[in-house]
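Below you'll find the structure, written out as structure tokens, and then a few comments.
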Amino acid sequence: MAMYTLRLSRSPPSPDSLLREAEGAGRRNLGGDGAAGLLHAGKTWAKIMASLADSFLADLDELSDNEAYPEEDNAEAGGADEDSDDDMPDLESLNYDDLDSVSKLQKTQRYNDIMQKVEGALEKSTDLSNQGFILEEDPELKFPELESLVHHPIDYARVVKKIGNEVDLTLVDLEGLLPSAVIMVVSVTASTTSGKPLSEENLLKTIEACDRALNLDAAKKKVLDFVEGRMGYIAPNLSAIVGSAVAAKLMGIAGGLGALAKMPACNVQLLGAKRKNLAGFSTATSQFRVGYLEHTEIFQSTPPALRTRACRLIAAKSTLAARIDSIRGDPTGKAGRNLLEEIRKKIEKWQEPPPPKLPKPLPVPDSEPKKKRGGRRLRKMKERYAVTDMMKLANRMQFGIPEESSLGDGLGEGYGMLGQAGSGKLRVSAAQNKLAAKVAKKFKEKSYGSSGATSGLTSSLAFTPVQGIELSNPQAHGNHLGSGTQSTYFSETGTFSKIKRT
Amino acid sequence: MFVCRPLQGSENPFIPEEDGAARRGEGEMGSVVLPTLRRKREVDAAIRDTLDMVLVLRFGRAADAACLQLDDILAKSSWDISKFATIALVDMDSEEIQVYVDYFDITLVPATIFFFNAHHMKMDSGTPDHTKWIGSFSSKQDFIDVVEAVFRGGMKGKLIVSCPLPPERIPRFQLLFKDV
């Protein structure tokens, strides 16, 4: 155990030696007592990160001036260590106590500082984007558009390294680094770029930065492979559902098992989803958003029609499994296997054919009352068939007065009370229906204000020779046939009169 | 102790046990068997106990060709109209049934007679005989239309209804009076 303290006080060794040591440790301890070996390997892994970050930081100071280096939160890289820490209580308490003292040591300032700056090592994309940030300053002078064309920082680093200081991009072979469409776009943009070739010193710095980024990437790959190998001990339930490779990737990109467990399932579904399409690729065929979960075996085995639902289900269950794993609730992985079984059963159930439909007997005639419609439209339609006042007049006759008929002498259609004296009107005009009256009123209100160009002597009454002037007496109720409530015998306006006897 | 209530259409006692499937609402059309009545009391029970549903009685012989076609159409549509009609076959050759044969004056085979709430429903289809339907139907839908017309008239309280079919789909026959 003292070894650990010794390691800390020494200056950080070179990254390659540490890597080799970690691999050796991993290989040696794979067979042995898992937890201790894990702890050992975990610690060396942390040291790798520490050393890499340290050297990276040192060069960072040399390379460029602005360090808008975002300070990320702490939990993730500590997570890997915490996992190994949590393993320890499973062993004898003796070790635990010793480790406790060591841990206390590890809580020293220096370690904390390192860890704080190292957590970025687990956030691969941000770390490399930082590298890219540094990188982009230098090649920016030469080829500014490249940054927006190639998004992935590792690819960007590789391309920058390959291009070097070339002016003519046709001499540079980018095959295998980028998809061919992007290569085409890059070469076209390069021909019209506004950048100038870099100076010798800048070029060297750029190439160094690229190398560093690529090294980090390689280290990351090694770490991920290692984690994948140990995934069965770190997160048995999660790897039971999605498989160890995908589980390792998920943990890597989330920044540790704890962070993965804290994420909601919808985020887990999108971990590792590719960014937007570049260079005019059509988004008409863009698939739904799936991340690393796309590579799980259970996802690949579902029919394409059910993939969206399956993805949501897998994300939900794998989040549950990650949460179980983060608290070490089920070290055997049985819960994970149960969840996997559940997922499989659900997917199979979705694929069942629907139950056959029974033919229904016909409904009893007239048992369901017809749905009556109402409203303005129906009223307008009914007006076409309504009985008008003219028809009503023609249907009635006055007592004792023979009606006129169309062919005369009682032949043809009878006219009834139409046009007879005493009906109160000179001629029967087609009564305006209510709707038309309303519409006319609205229309008049709207067009009331004329522009003012008309003279004051004009009026809105217009006389046609057919109409003549027909001033209707508003008090004459003579032709009110619509409502039956008005009395036809008793006058509504007249009063009893007194006749003076002379 | 005993509660009296009117029997529903599905509880007709004239159903022999083996033909219960016809009444119990089978889903498949093909295996529906219509009940055959051979006793007078069965026919009486059928007429008396079918409430608010049209009772279709086919008088005929099982072996006759036209009867077979009519029986086929009746069987196919029995599930569809099961909510407002019941169908039964009456064997004309049984001796107890001769009473009915004489009463309804059935001479041509097959003859279909409609009842609604124990009333004999007549239908004016342009033929000389309104009391029964002679012959088969040209399609299942025609039969369902006829039964629906009988049902509507019956629910309104009419005892004679007019036939909704156009004259070309009504089988014509000639009534002979005393073989003249």
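Which entries in the list A:Lys142/A:Lys249; A:Lys370/A:Lys441; A:Lys162/A:Lys274; B:Lys83/B:Lys156; A:Lys372/B:Lys140; A:Lys220/A:Lys349 go over 29 Å, if you measure between the two C-alpha atoms of each? If you can, show how the numbers build up before the last one.
Details: A:Lys142/A:Lys249 35 Å; A:Lys370/A:Lys441 36 Å; A:Lys162/A:Lys274 24 Å; B:Lys83/B:Lys156 18 Å; A:Lys372/B:Lys140 31 Å; A:Lys220/A:Lys349 40 Å.
Result: A:Lys142/A:Lys249; A:Lys370/A:Lys441; A:Lys372/B:Lys140; A:Lys220/A:Lys349 exceed 29 Å.
Which FRET efficiency, nearest 0.05, do A:Asn202 and A:Glu175 yield, Cβ-Cβ r, R0 25 Å? Show your work: numbers first, answer last.
Details: r = 27 Å, r/R0 = 1.06.
Step by step, r from the Cβ atoms, then E = 0.40.
Where does each of B:68-76, A:316-324, B:130-138, A:234-242 land if you order them by average Cβ count within 10 Å, highest first?
A:234-242, A:316-324, B:130-138, B:68-76
Modelled label-to-label distance, A:Arg289 and A:Ala305, 7 Å Cα→beta-carbon offset: nm?
That separation, rounded to one decimal, is 2.6 nm.
How many nm separate the modelled label positions at A:Asp409 and A:Lys380, each set 7 Å beyond the Cα in the direction of the Cβ?
4.8
Could you tell me the calculated FRET efficiency between A:Ile327 and A:Leu214, based on Cβ-Cβ distance and R0 = 60 angstrom, to the nearest 0.05?
Result of the calculation: an efficiency of 0.95.
Note the full-extension length gain between A:Lys372 and A:Tyr489 as 0.36 nm times their separation in residues minus their Cα-Cα distance, in nm to one decimal.
Working: separation 117, 0.36 × 117 = 42.12 nm, distance 3.85 nm.
Here the answer is 38.3 nm.
Just to confirm a number: summing +1 for Lys and Arg and -1 for Asp and Glu over residues other than A:Leu339 whose beta-carbon lies under 13 angstrom from that of A:Leu339, what do you get?
+3
Residues in segment A:207-248, backbone N under 20 Å from the label point at A:Glu342 (7 Å along the Cα-to-beta-carbon vector): list them, ranges by number please.
Only A:235-244, A:247 pass the distance filter.
Would you mind giving the mean number of other chain beta-carbons within 10 Å of the Cβ of each residue in A:360-370, as a whole number?
So the per-residue partner count for this stretch is 5.
Between B:Ala118 and B:Ser94, how high is the FRET efficiency from 1/(1 + (r/R0)^6) when r is the Cβ-Cβ distance and R₀ = 25 Å? Nearest 0.05.
The pair B:Ala118/B:Ser94 has a calculated efficiency of 0.70.
All of the numbers you see were taken from the coordinates with simple rules; none came from a lab. Predicted, not measured: the structure shown is a model, and the values here were computed from it. For neighbour counting, all protein chains shown are included, and Cβ atoms are generated from backbone atoms with ideal geometry for every residue, glycine included.
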